[in-house]
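Participant: One structure coming up, written as structure tokens, with questions to follow.
What follows is calculated from the coordinates using simple rules that are stated; it is not laboratory data. No experiment lies behind these values; they were computed from the predicted model shown. All Cβ positions, glycine included, derive from the backbone under ideal geometry; neighbour counts span all protein chains shown.
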């Protein structure tokens, strides 16, 4: 009696074991997603602006504002951080994410709080028509 032989040959083949799982490569152009808490009024403004100028993408507008803050603003005043049900996503590359990490280390906070601080200052400056630190 030994081994059972089935009529279906797929049932006869031994199951392969994953002894060493293959490590997947990480894309070099992978973007980091950051959720930034905002107020209800700011959410309304961002939704309205994104429908007019960004084809409905609040994420693209949030990314644009955050990148404006990272590239054009030097001084980021301290803002109160409170978690909110209203958020905006920002998708940044690895280099920008590293810069946010450096700011977070300097300010002794998380990368999300650092992104919130940069975003709030950039949003204020954008509301003034793109005014940067040297122009105030």
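Participant: Normalise the Cα radius of gyration of region 30-128 by 2.2 N^0.38 Å (N = residues in it) and let me know the number.
Facilitator: 1.00
Participant: Related question: So, in nm, how far is label residue 87 from label residue 39 when the simple model puts each one 7 Å beyond its Cα toward the Cβ?
Facilitator: So the label points at residue 87 and residue 39 sit 2.1 nm apart.
Participant: Sorted by packing (mean other beta-carbon atoms within 10 Å per residue), highest first, where do 63-72, 105-114, 92-101 land?
Facilitator: The packing order, highest mean first, is 63-72, 92-101, 105-114.
Participant: Could you check the simple spin-label distance between residue 52 and residue 27, using points 7 Å along Cα→Cβ, in nm with one decimal?
Facilitator: Distance between the two pseudo-spin positions: 3.2 nm.
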